[in-house]
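One structure is given below, encoded as structure tokens.
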4 protein chains.
Amino acid sequence: MGRSHIDRLTNRTQGAEVVAVADMVDALVEKGAAIAGPNCKKYKSEADLINDPAVDAVFIVTPGFAHKEALLLAIKAGKRIFCEKPLCTTAEDCLEVIDAEVKSGKHLIQLGFMRRYDKGYNEVKAALDSGEYGSPLLLHCTHRNPEVPDSYTTAMAVHDTAIHEIDVTHWLVNDDFVSAQVIMPKVTKYAHAELADPQLMILQTKSGIVVEDEVFVNCKFGYDINCHVVCEDGVIEMPQPLYPTYRKNAQITQTIDTDCFVRFHDAYDDEVQNWVNDAAEGIIGGPNAWDGYLAAITADALVRAQTSGKVETIKPAQEKPAFYD
Amino acid sequence: MGRSHIDRLTNRTQGAEVVAVADMVDALVEKGAAIAGPNCKKYKSEADLINDPAVDAVFIVTPGFAHKEALLLAIKAGKRIFCEKPLCTTAEDCLEVIDAEVKSGKHLIQLGFMRRYDKGYNEVKAALDSGEYGSPLLLHCTHRNPEVPDSYTTAMAVHDTAIHEIDVTHWLVNDDFVSAQVIMPKVTKYAHAELADPQLMILQTKSGIVVEDEVFVNCKFGYDINCHVVCEDGVIEMPQPLYPTYRKNAQITQTIDTDCFVRFHDAYDDEVQNWVNDAAEGIIGGPNAWDGYLAAITADALVRAQTSGKVETIKPAQEKPAFYD
Amino acid sequence: MGRSHIDRLTNRTQGAEVVAVADMVDALVEKGAAIAGPNCKKYKSEADLINDPAVDAVFIVTPGFAHKEALLLAIKAGKRIFCEKPLCTTAEDCLEVIDAEVKSGKHLIQLGFMRRYDKGYNEVKAALDSGEYGSPLLLHCTHRNPEVPDSYTTAMAVHDTAIHEIDVTHWLVNDDFVSAQVIMPKVTKYAHAELADPQLMILQTKSGIVVEDEVFVNCKFGYDINCHVVCEDGVIEMPQPLYPTYRKNAQITQTIDTDCFVRFHDAYDDEVQNWVNDAAEGIIGGPNAWDGYLAAITADALVRAQTSGKVETIKPAQEKPAFYD
Amino acid sequence: MGRSHIDRLTNRTQGAEVVAVADMVDALVEKGAAIAGPNCKKYKSEADLINDPAVDAVFIVTPGFAHKEALLLAIKAGKRIFCEKPLCTTAEDCLEVIDAEVKSGKHLIQLGFMRRYDKGYNEVKAALDSGEYGSPLLLHCTHRNPEVPDSYTTAMAVHDTAIHEIDVTHWLVNDDFVSAQVIMPKVTKYAHAELADPQLMILQTKSGIVVEDEVFVNCKFGYDINCHVVCEDGVIEMPQPLYPTYRKNAQITQTIDTDCFVRFHDAYDDEVQNWVNDAAEGIIGGPNAWDGYLAAITADALVRAQTSGKVETIKPAQEKPAFYD
């Protein structure tokens, strides 16, 4: 993921240059810097990189548990930050980061929820915002993966998978989630012993909008992302990606993606390009730290619901700071 | 509905003849008999019609509360019966009718769940039964109506609307429901004060298959029936009805039905034709009285769930009689 | 085909009874009569069948060269006739039959162009007749078959295949063809030595409407009938038949028919039922003898065009008799 | 178009910088340079711009009749060239430019046929090149525009409209056209007096592949580009652009583009980015000058066919120089 972002920033982004790479593992620093080019500096310590005056902005692509420290360092240094999800691994850490950003007085952090930059979701958002379909009432989502390794656990269906729908549907309907439930259907024969698959996750917002998300990570057939928004005045269905239609062997067929990086290729590029463009205006146009906190507490509630079988409440520990309005 | 069946039996069914019509209201007898032709007898009493030796089989198209009496009379007379849904209005009455049919030793009753004869559902069933898609795990259904009158209440979303998905999904997956839940999303502005609309109903079977049904009876845009079956080895999506595609006004458009009798026109004809054809072999090929009982207790659980907000248990009061195997 | 019609008339048509079957081959008479039931008379001579007073109407399902004689006998006997295509094998014979029918003063002949009864074509026709799409200008049709035997020749691509589009598009646009051309693309490797396949046939009407028909009879993948009508105010595309959508193996798939009798199953039933129903009013509601003549001269022009490579003129040898207005 | 390219090169292309702008009209120079930024030089004479040592490559976005002179100047100066279509307005001029490029010994010219960079066409090309569908035999294309001004003439349906299918289908099937025909259907009521609209253009290649192109420039409903490739082993249909599906007003609807710059937005960007990237390797990866010549003689034949009503021959005045292999 880190090297993918270095490649993107170097070769497919206007107005950005990767001037330094840091990693505790020397070999990875070398690999990353090789993509960026001969002038790229190499660091072992992320602190040194963050505090290098030649660095205007930082990309945090470390494991989630390491985010907090890097975020606090970068905020202290006043550097703009692109942080891959999650913001932090606990709700408390998220709030600590939020507190630091608010006190810094500058909008610095954007989170890597790339779906907000996907063309399909944006068309759905535009239709919703047009008012032509009235208020959204109910969203049917699917997040299907061909398969997952044995290390993938039931809780990861929330943290690694549904987390995308958590953020993007929150953004689509512009309302906060207040409760979470998880319904466990019959388990597919392809799931290993420790994994409940598929799962039907159900979230509800303050105004009552229900978002359901079928998470099915051993669906075998493809990477299949769907989003149908049932509104008062019509239903909006996000389009599938663009592939030819083939007639062969008594079938009419279209390809379906099997790889999330193919499916959201353009969204990944666009989130980074937009983040670079927004730097000129000093704004964070994408998902911010507060969005990261909301995603964290929503995910926590879903994980509780996976084992309790009950409707779990979602409640932020504090009011949203005016800073994020 | 009665006159519609008389027209169907008279003009679009092979091997059937409407020889008598009964109704407490004389004018309705006249109207019905006029469709059937000059030789059609006219009765005020359903008992007289049922016991007329010229009558081989009876159609019960009275209000639900009146079904039990007519069913028991027809069973006693040994006449084959086509009974519009519901079998009876209480689970107890259903069991009384079942007991009478079992004791009669003859398979007499078919219920008017016409969707089992719809081409689309049958293609889904054939795909499931082929084994090519593995076991079904999760079904996403929608039952959307353009609008309902003010007399339509929250409970009717179960009894008059979801009842169709209750029977047809039970038939599709060939497994009995054991629990029911209803989730209430934000209510559409088009619902009157006494109606929760839309509703998300969730049923689970013995083996764990989850069936969810979005019931939305003021969706405004059309009569929109969908059924997606998520299986271990693929997803099956029931087709929409057959309409041309139009290009006009910067849009590519297909018509969607607005009337259930148009949507299921052929299914209504086919259920009756099949019921007539099955008479020759003395079998009931469609939904039988036990199916009617299961639909009744499932509906009861959903209605309880509408107000309790909890997962309600579905449990038959007795084992399925071997007679219905 | 004969037995298929006997089955249809006996088992799926209201108001008809097959009272007699004739064929020069005794074994075929027996087979046919067996479907119709024990009361069905058996004839060796078609004349005897036609003149049997118990026979109200006749079905002509003999080879094309034998149609003329049977048609003239049936007209003479004043019997209603359902005649499989073609009317006759030469334009002159068609005119002789037309002359006889006109002189009889009764509308007797309906031709077996079943597509006029297909739901999809009828929806296209309804859209055209609504005026909402303005005048049709250009029609793109395909008539694709999985494969044909070695006995199938280039000319049969007109007489056995395109003949259906000739009639149905003439009916759709309600205008007569005045010229024909055939363009020969690269030949598929699956065509035998004597067959040009595919062919692109182009017809033009009096008012200038162009109908093109891709005939591809070794397309391998299915029986694929398409019809797109380009109008002044929009484009109308006939729907494909109704099959589920499957997600499996990185593909989203729909079935396509491979058999014309499956594709047009309902159209075959409906044309016969309508012909029976029309008997009560003494009308011919479907394609009549004049339509058969127009199809014959259009086909003749296409066959000439196959070898000339030029635009061939289509001109009836006489004005349309007022009888057929 | 010029300013659109300046914006693209400046803001959406990696590795390019607009260092100078030339136009005979001072105001246009100012407007263009303003997009490029304060360091952009301003020229009245294209020769001065071309010969500026700071200029590595030139974009020719002048009217077609002015292309030849600019092309020859740039070739003389050894500068890489991106030239909007057409190469030149006569076949002879095209050959003169080709001769100059060949003599220069360097691959310098790329033509602005952006469809070769469209994702949909590239997926069709990939499917064809995979061999899975066998040899292409017949292509059905449409090029529909909502409307054209009164200044648009019948010949422009070739030069401004079909020219895109001429190049892209030639590229798709990798074969040269040898004949052209134009069939004129009934004219739409929306065409002005001097314009035949729609037109059905038919091209055939050396190996016999037929390409037909429905050009309909007052179709009213949208900018509708279709390409169906009929192959020996299946049919490939290029996808429509990606828009949500809406259910509203008894219809299921998708948006169709109305603007070619929206439809091919990404293709325009990608052709320029690829042209810039190819500079590093000194190659022309896109349509070259010989492609431009072939498009010119194909267009000439179609224009002749529009008035002759006959099949017109297409024959290059010379063999393809080995330089372009």
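The values are calculated or read from the model by the stated rules, or taken from the named source; none is laboratory data. In this text the structure is predicted, and so the values were computed from the model without any measurement. Every residue, glycine among them, receives a Cβ derived from its backbone with ideal geometry; neighbour counts consider all protein chains shown.
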note = Among residues of segment C:17-33 being surrounded by 20 or more Cβ atoms within 10 Å (Cβ to Cβ) and under 24 Å from the mean Cα position of the chain (by Cα), the residue farthest from C:Ala280 (Cα to Cα) is C:Asp23
Pick from segment B:182-202, criterion at the interface with chain A (Cβ under 8 Å from one of its Cβ atoms) and charged (D, E, K, R), ranking: surrounded by the fewest Cβ atoms within 10 Å (Cβ to Cβ) = B:Lys189
note = Filter segment D:157-181 for residues that are touching a Phe, Trp or Tyr at 6+ places or on another chain (Cβ under 8 Å) and not hydrophobic (A, V, I, L, M, F, W, C); the one that is nearest to the other protein chains (Cβ to nearest Cβ) is D:His170
ask   = Which one of A:Arg263, A:Arg304, A:Arg247 is basic (Lys, Arg), touching a strand residue (DSSP E or B) at 6+ places or on another chain (Cβ under 8 Å) and closer than 17 Å to A:Tyr121 by Cβ?
value = A:Arg263
task = Tell me which residues, restricted to segment B:290-325, are small (Gly, Ala, Ser) and farther than 19 Å from B:Ala100 by Cα.
result = B:Ala299, B:Ala301, B:Ala305, B:Ser308, B:Gly309
note = Just one listed residue, out of A:Tyr152, A:Tyr133, is surrounded by fewer than 21 Cβ atoms within 10 Å (Cβ to Cβ), aromatic (Phe, Trp, Tyr), in contact (Cβ under 8 Å) with a residue 12 or more places away in the chain and part of a loop (DSSP other than H, G, I, E, B), and it is A:Tyr152
request  = Within segment B:155-182, track down each residue that is assigned to a helix (DSSP H, G or I) and of a type in the set (Phe, Trp, Tyr).
outcome  = B:Trp171
message = Being touching a Phe, Trp or Tyr at 6+ places or on another chain (Cβ under 8 Å), within 21 Å of A:Gln204 (Cα to Cα) and part of a strand (DSSP E or B): is that true of B:Leu195 here?
response = no
message = Which of the helices (runs of 4 or more DSSP H) found entirely inside segment B:203-317 contain at least 3 residues meeting this: within 12 Å of chain A (Cβ to nearest Cβ) and either under 15 Å from B:Asp167 (Cα atoms) or not aromatic (Phe, Trp, Tyr) (or both)?
response = none
inquiry  = For segment B:231-267, which positions are in contact with an Asp or Glu (Cβ under 9 Å, 6 or more places away or on another chain), under 14 Å from D:Gln254 (Cβ atoms) and either of a type in the set (Asp, Glu) or surrounded by fewer than 19 Cβ atoms within 10 Å (Cβ to Cβ) (or both)?
reply    = B:Thr245, B:Ala250
request  = Can you give me the number of residues within segment C:174-211 that are touching a residue at least 12 places away in the same chain (Cβ under 8 Å), charged (D, E, K, R) and farther than 19 Å from C:Thr313 by Cα?
outcome  = 2
ask   = Residues in segment C:136-147: is at least one away from every other protein chain (no Cβ under 11 Å), assigned to a helix (DSSP H, G or I) and surrounded by fewer than 23 Cβ atoms within 10 Å (Cβ to Cβ)?
value = no
key: Subset of segment A:111-130 that is touching an Asp or Glu at 6+ places or on another chain (Cβ under 6 Å) and in a helix (DSSP H, G or I) - its residue that is farthest from the other protein chains (Cβ to nearest Cβ)   = A:Met114
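Within segment D:100-121, identify whether any single residue is among the hydroxyl-bearing types (Ser, Thr, Tyr) and surrounded by 19 or more Cβ atoms within 10 Å (Cβ to Cβ), and answer yes or no.
If we filter segment D:100-121 for residues that are among the hydroxyl-bearing types (Ser, Thr, Tyr), which is where we start, we get D:104, D:117, D:121.
From what is left, the residues that are surrounded by 19 or more Cβ atoms within 10 Å (Cβ to Cβ) are D:117, D:121.
Yes, there is a match, as at least one residue in segment D:100-121 is among the hydroxyl-bearing types (Ser, Thr, Tyr) and surrounded by 19 or more Cβ atoms within 10 Å (Cβ to Cβ).
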note = A careful count of residues in segment C:54-110 that are in a strand (DSSP E or B) and under 19 Å from C:Ala322 (Cα atoms) gives 2
query = Quick one: in segment B:268-315, which of the residues that are under 18 Å from the mean Cα position of the chain (by Cα) and acidic (Asp, Glu) is surrounded by the fewest Cβ atoms within 10 Å (Cβ to Cβ)?
reply = B:Asp269
query = Is it the case that B:Ala70 is assigned by TED's automatic domain parsing to the domain that holds B:Ala20 and within 22 Å of B:Leu294 (Cβ to Cβ)?
reply = yes
inquiry  = Among the residues that make up segment A:195-214, is at least one of them among the acidic types (Asp, Glu) and within 16 Å of the chain's Cα centre (by Cα)?
reply    = yes
ask   = Of the residues that make up segment A:83-99, is at least one outside the structural domain of A:Asp278 (by TED's automatic domain parsing), crowded, with 21+ Cβ neighbours inside 10 Å and more than 24 Å from A:Thr169 (Cα to Cα)?
value = no
